[in-house]
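Have a look at the structure below before the remarks.
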């Protein structure tokens, strides 16, 4: 524990900036997950699958699946639900 405390207390400016950047990026990712969970309330997964299944027979199905997968991933939808929605589509 003493070595860790010495490391933290004797860090150079570059290391402090790297630590601050890491903390800010982690906070941003956590914030994205929280916003995504708040925006996609319970039942949104079923609505997403129902909407995507409408594109199953058309020529735009692959493009819609890629677009929805990417957008939902940025909003923090769990990965297994994203994959399930693409399988349904």
Problem - Count - residues of the range 62-87 that are in contact with a helix residue (DSSP H, G or I) (Cβ under 8 Å, 6 or more places away or on another chain) and surrounded by 13 or more Cβ atoms within 10 Å (Cβ to Cβ) - result: 14
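So that you can scan it fast, the table gives a plain yes or no per residue for (1) under 19 Å from the mean Cα position of the chain (by Cα); (2) part of a helix (DSSP H, G or I); (3) modelled with pLDDT of 75 or more:
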{"site": "16", "(1), (2), (3)": "no, yes, yes"}
{"site": "34", "(1), (2), (3)": "yes, yes, yes"}
{"site": "42", "(1), (2), (3)": "yes, no, no"}
{"site": "63", "(1), (2), (3)": "no, yes, yes"}
{"site": "85", "(1), (2), (3)": "yes, yes, no"}
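The values are calculated or read from the model by the stated rules, or taken from the named source; none is laboratory data. Worth saying up front: this structure is predicted, and the values here are computed from it rather than measured. Heads up, the Cβs are rebuilt from the backbone with ideal geometry, glycines too, and the neighbour counts pull from every protein chain shown.
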